[in-house]
Amino acid sequence: MSIRPWVIVEAPDSRGLRRIMIGSETVGSAWSLGELRKILGRHGYPMNMDLEDPASICWRGGDSKKWPDRAWRRHATTMLMMAGLLASMVLNAVIGWPDASGALTFAQRITGALFVLSGLVQGAAAVVVLDYWGRRQFKISGAVVLLGVLIALTTDSLLLFMWLEEMEYTPHLLVFMPLWCWSLWALALLVREKSWQGVPQPKRFAAGVLATALLTGVSLAYSTVYQPAAAPMHFTVRAKFGTARPDRGLPFVHVPLMLYMKNTGEIPVYIINDIYTVHGRGAEYSEHPRNRDLVKEWRESAGERGDPVGEAELYVDHLTYAAISSGHFYGPGNWLEVGQEYALERVFQLPEDALYDIVSVNVQVSYMRKDRGKLDVEEFSTVHYSWSKNDEQYYCAPEEGCGQQLIYHGRVWHNNNLINVTRKPRYVTAIWQPGVRPISSISSFRFEEEQGSYSEEKRELDRYGAARVNAHVDVPVAKLLRPADR
């Protein structure tokens with residue numbers, strides 16, 4: 001009969017795991033009596049070995065019946081911890097990848113890359129969970145899991161804070177709200193178990209975590225607050241009348257109109273709406289005006305032709321305006337890069353005996369900064385006719401007071417994907433009608449509700465850096481017609 005080394009089964013640790021030694025060598029650990037027999041079997045002991053024989057085995061801290069491990073609880077904790085970390089990994093990838101791969105600014109790309117990197121860390125932590133809630137063969141497994149949970153708590157807290165600003169329903173809410181609750185539970189569990197124990201240099205580990213958090217915060221603040229504010233917009237729009245030419249067979253003159261715009265700022269822009277309108281002014285002249293009320297005349301002219309200020313003149317009365325020509329300048333959905341310019345020349349007609357004393361042109365261009373958002377240009381550039389019954393979403397019956405309008409509507413994504421996942425989808429809407437001041441808005445309105453929210457439109461226009469610029473030129477008809485005199 002061969003003499004075998006004495007088997008020693010140590011007392012259960014805090015989780016119920018018992019270390020197995022054969023002689024002075026540790027050969028494994030067991031959660032149950034069955035696992036103990038498997039370990040001994042791999043080392044040549046018979047499977048029917050008498051585990052109660054004190055000559056062969058020594059039990060410390062309890063006999064063969066003391067196995068305090070609750071396997072179902074341990075497995076449930078492991079699965080729940082892994083599920084939370086994997087879900088957080090996917091969420092961080094969803095947040096970070098669009099910015100990392102397609103953001104317009106370098107800082108935003110860095111922020112997106114950090115989110116993707118943090119997702120990879122969480123994926124590694126999910127794998128290490130098996131070791132930490134298993135036999136803990138790696139000393140740093142607990143610290144890695146703790147790091148993954150801290151990342152999840154930070155991300156979910158940030159998402160929750162941003163969501164509370166406007167409290168709009170978004171499908172992502174069903175993800176980050178449960179994950180936020182999960183991260184609180186996971187952090188409490190890891191703190192109770194002191195999972196950071198075993199890290200060779202805990203101070204350096206903590207410093208690395210803090211430095212990563214600060215880098216992410218600084219990059220996020222720079223890309224969303226400082227950089228957009230530090231790059232102001234400058235946009236130039238000009239209009240000029242050319243030399244009128246008489247028609248060879250008709251009593252009309254052809255008047256060239258030159259329109260010009262240039263992006264003189266430091267940020268590319270989307271054109272979301274534009275219009276030019278040529279007006280002819282009719283008036284009655286009086287050399288000796290009496291009892292003229294300039295205030296009344298000014299009040300009646302305020303708001304005409306898109307001019308909020310209005311005008312009043314002493315020797316001119318009964319001002320009337322007629323739209324002569326109107327159209328798009330560049331067109332919704334186009335864009336201008338930094339330094340890019342665009343010019344357009346149109347020709348409109350005037351009768352030689354026109355009753356206008358002044359012809360004017362008003363140009364308005366509405367634009368949105370490209371560093372604030374990405375516009376679905378293909379969708380937005382598609383024109384919809386408000387009078388077309390075939391386009392039910394945009395159709396508006398004349399009896400409802402709707403005019404004949406062109407409607408442009410398209411999805412826009414903010415350059416910071418954190419905003420996209422905590423808000424309802426946003427859309428850019430442009431409404432155009434000849435001779436009428438164009439309408440531009442950014443909101444969640446999809447032409448499915450009765451009406452949009454004015455406060456939301458105002459907030460979103462500011463968030464996406466939308467603005468407009470105008471140019472106005474007056475010229476006497478006498479000057480235009482002078483070249484046409486025969």
So, Val383, is that one of a type in the set (A, V, I, L, M, F, W, C) and more than 24 Å from the chain's Cα centre (by Cα) or not?
yes
Residue list for segment 83-108, filter: in contact with a helix residue (DSSP H, G or I) (Cβ under 7 Å, 6 or more places away or on another chain) and closer than 19 Å to Leu375 by Cβ:
Pro98, Asp99, Ala103, Thr105, Gln108
Scan segment 137-160 and give yes if some residue there is among the acidic types (Asp, Glu), at pLDDT 90 or above and under 19 Å from the mean Cα position of the chain (by Cα), otherwise no.
yes
Residue among Gly249, Gly265 that alone is at pLDDT below 90, part of a loop (DSSP other than H, G, I, E, B) and touching a His at 6+ places or on another chain (Cβ under 8 Å)
Gly265
For segment 35-69, what are the residues that are surrounded by fewer than 12 Cβ atoms within 10 Å (Cβ to Cβ) and under 30 Å from Leu146 (Cβ atoms)?
Gly61
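A quick yes/no check of all residues on (1) surrounded by fewer than 17 Cβ atoms within 10 Å (Cβ to Cβ); (2) under 30 Å from Pro268 (Cβ atoms); (3) in contact with a strand residue (DSSP E or B) (Cβ under 8 Å, 6 or more places away or on another chain); (4) touching a residue at least 24 places away in the same chain (Cβ under 8 Å):
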| residue | (1), (2), (3), (4) |
| --- | --- |
| Ser32 | yes, no, no, yes |
| Ala71 | yes, no, no, yes |
| Arg74 | yes, no, no, yes |
| Ala93 | no, yes, no, yes |
| Gly102 | yes, yes, yes, yes |
| Ala107 | no, yes, no, yes |
| Ala113 | no, yes, no, no |
| Ser118 | no, yes, no, yes |
Among the residues of segment 230-263, how many are touching a Gly at 6+ places or on another chain (Cβ under 9 Å) and either farther than 26 Å from Val428 by Cα or surrounded by 14 or more Cβ atoms within 10 Å (Cβ to Cβ) (or both)?
9
Do you know which of the residues in segment 458-486 that are crowded, with 16+ Cβ neighbours inside 10 Å and more than 29 Å from Arg238 (Cβ to Cβ) is modelled with the highest pLDDT?
Glu460
Being in a helix (DSSP H, G or I) and within 56 Å of the chain's Cα centre (by Cα) is true for just one of Ile20, Ile39. Which residue is that?
Ile39
Output the qualifying pairs, or none if there are none: Cβ atoms under 6 angstrom, residues six or more apart or on different chains, first residue in segment 39-63 and under 12 Å from Ile8 (Cα atoms), second residue assigned to a loop (DSSP other than H, G, I, E, B).
Leu51/Ser64; Ile57/Leu51; Arg60/Glu10; Arg60/Ala11; Gly61/Ala11
With the structure loaded, tell me whether Arg437 is of a type in the set (Lys, Arg), part of a loop (DSSP other than H, G, I, E, B) and assigned by TED's automatic domain parsing to the domain that holds Ala239 or whether it fails that test.
yes
Any idea which of Met79, Met89 is surrounded by 14 or more Cβ atoms within 10 Å (Cβ to Cβ) and in a helix (DSSP H, G or I)?
Met89
It is to be established whether one or more residues within segment 390-405 are within 14 Å of the chain's Cα centre (by Cα) and surrounded by fewer than 20 Cβ atoms within 10 Å (Cβ to Cβ).
no
Return the residues of segment 387-404 that are out of contact with any Lys or Arg (no Cβ under 7 Å at 6 or more places or on another chain) and within 18 Å of Glu448 (Cβ to Cβ); say none if nothing qualifies.
Ser388, Lys389, Asn390, Asp391, Glu392, Gln393, Tyr394, Cys396, Ala397, Glu400, Cys402
In the set Val473, Val428, Val469, which member is over 33 Å from the mean Cα position of the chain (by Cα), touching a residue at least 40 places away in the same chain (Cβ under 8 Å) and in a strand (DSSP E or B)?
Val473
From the list Leu153, Leu146, Leu130, pick out the single residue that is in contact with a Ser or Thr (Cβ under 6 Å, 6 or more places away or on another chain), in contact (Cβ under 8 Å) with a residue 12 or more places away in the chain and closer than 16 Å to Met82 by Cβ.
Leu146
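The values are calculated or read from the model by the stated rules, or taken from the named source; none is laboratory data. Please read these numbers as outputs of a predicted model, since none were measured by experiment. Ideal geometry is used to build each Cβ from the backbone, glycine not excepted, and the neighbour counts take in all protein chains shown.
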